[in-house]
Amino acid sequence: MAGARVETLMARMRMLSHRARTALRKSAVDYFRGDASDWLAFAGLLVTIPAIACGTIMLPVWFSPSALVLPIVAGGLLLRPASLLALYAASAAALIVEALVLGPYTLGPARVTPGTVLVVAACGFFGLVIAQFRSRVGVPWRRGGTMLFDLRERIRVQSKLPALPRGWHREMALRPAGGQSFSGDFVVAARTNGGRTLEVVLTDVSGKGMEAGSRALLLSGAFGGLLGALPPHGFLPAANGYLLRQDWDEGFATSIHLVLDLETGDYELLSAGHLPALQLSAGTGRWQEKSGEGPLLGVYDGAEFEPARGNLRRGDVLMLFTDGLVETADRDISEGIDRLTGEADRYVAAGWDGAAWHLIEKVAKDVNDDRALLLIRRSP
């Protein structure tokens with residue numbers, strides 16, 4: 001009997017321990033997701049209000065009546081709207097107590113003035129607006145920055161080019177407008193056909209910087225799913241249909257799709273209103289424009305895309321880029337392409353390592369537009 005009681009007690013202890021661990025884990029997950037209760041933050045901020053009020057009454061030289069904006073601003077970042085209103089009520093009560101104890105503001109300094117009330121009220125109003133926005137969006141302040149960082153890293157991961165077999169060199173550089181972290185230019189790439197074929201899609205979404213970054217993130221995920229799942233000639237029609245279904249006010253994009261045979265060097269370029277690619281022939285040392293025919297993505301249904309074909313021989317280079325690299329308000333595209341090829345000629349003898357980043361630095365360093373450059377070279 002005693003042994004059975006001990007086993008029953010141990011079983012209950014293990015069950016209680018398991019429930020405690022589960023509850024703790026759930027609370028931690030809820031906190032980091034922003035679903036946890038804000039009672040702890042509310043209690044902490046609520047305690048600071050009488051402390052500030054007492055300091056203002058006892059040491060008015062060190063504690064200004066306007067110091068009540070500190071818990072109000074913190075509450076706007078930490079609390080939900082309902083808790084924030086309760087905090088505001090406590091702050092208003094503290095102001096009333098301070099005004100009664102210190103006396104009218106006409107009797108001397110360090111008292112509650114109409115200006116103090118206006119400053120506290122204004123901070124409270126903006127704090128409530130921020131809290132309402134966070135509540136509507138569903139993104140807590142402590143996770144908002146992490147979420148944006150995660151989105152940025154996902155775009156970067158999706159833009160990574162796959163490793164190529166020996167004899168091929170590839171690199172890419174992407175520079176958002178205004179030094180921001182989000183860009184309307186993106187790349188998706190995959191090795192298909194058992195690894196023999198490299199498919200790369202360079203897309204320029206309408207707009208620039210953060211205003212185009214959200215659309216670029218959505219499209220990069222969709223395009224990454226389509227790439228390799230469809231025959232090469234079916235990709236741009238499917239991407240065009242997907243863009244049309246979004247029904248965005250500013251929903252067009254340009255795109256260029258490279259399909260490269262890594263054994264023979266033969267390639268096809270399918271373009272949706274994108275700038276032509278540039279091929280450097282190692283034999284002649286000249287650049288040649290290569291471009292397929294097709295309309296912008298997201299303009300009309302049933303669009304057709306005619307490919308351009310070519311071959312990368314030993315030592316040849318193929319360069320894909322977006323318009324931010326060659327087009328500015330005071331320079332047309334042809335002049336920009338001439339400048340780009342002129343700078344690229346410097347790397348023929350020096351080697352192409354790091355050339356993509358340096359080319360953007362040389363030809364479009366201070367341009368307020370998204371810039372992307374992709375280089376693929378077949379080794380001599």
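The values are calculated or read from the model by the stated rules, or taken from the named source; none is laboratory data. The model shown is predicted, which means the values in this text are computed figures rather than measured ones. Here the Cβ positions follow ideal geometry from the backbone for every residue, glycine too, while neighbour counts run over all protein chains shown. Each accessible area value is taken on the protein alone, full model and side chains, heavy atoms only, with ligands, DNA and RNA left out. Shrake-Rupley method; radii C 1.70, N 1.55, O 1.52, S 1.80 Å.
Return yes when Leu373 is open to solvent by less than 80 Å² (accessible area, probe 1.4 Å), modelled with pLDDT of 90 or more and in a helix (DSSP H, G or I) and no when it is not.
Numbers: open to solvent by less than 80 Å² (accessible area, probe 1.4 Å): yes; modelled with pLDDT of 90 or more: yes; in a helix (DSSP H, G or I): no.
Against the criterion (open to solvent by less than 80 Å² (accessible area, probe 1.4 Å), modelled with pLDDT of 90 or more and in a helix (DSSP H, G or I)), Leu373 does not qualify.
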Criterion violated by Tyr242 - all others in (1) in contact with a Gly (Cβ under 6 Å, 6 or more places away or on another chain); (2) open to solvent by 40 Å² or more (accessible area, probe 1.4 Å); (3) not β-branched (Val, Ile, Thr) satisfied: (1)
message: Among the residues that make up the range 16-35, is at least one of them modelled with pLDDT under 85 and in a loop (DSSP other than H, G, I, E, B)?
response: yes
Test result for Thr197, surrounded by fewer than 23 Cβ atoms within 10 Å (Cβ to Cβ), touching a Leu at 6+ places or on another chain (Cβ under 8 Å), modelled with pLDDT of 80 or more and β-branched (Val, Ile, Thr): yes
- request: Mind telling me which of the residues Gly103, Gly76 ends up being free of Cβ contacts under 8 Å to residues at least 60 places away in the same chain and under 20 Å from Trp39 (Cα atoms)?
  value: Gly76
task: May I ask you to verify whether Leu269 is buried (at least 20 other Cβ atoms within 10 Å of the Cβ), touching a strand residue (DSSP E or B) at 6+ places or on another chain (Cβ under 9 Å), aliphatic (A, V, I, L, M) and closer than 16 Å to Arg309 by Cβ?
output: yes
- line: Taking the range 201-219 and keeping only residues that are modelled with pLDDT under 70, charged (D, E, K, R) and either under 15 Å from Leu243 (Cα atoms) or outside any helix (DSSP H, G or I) (or both), one is left with Lys208
- prompt: Applying the selection to the range 272-322, what residues are among the β-branched types (Val, Ile, Thr), under 32 Å from the mean Cα position of the chain (by Cα) and open to solvent by 20 Å² or more (accessible area, probe 1.4 Å)?
  reply: Val299
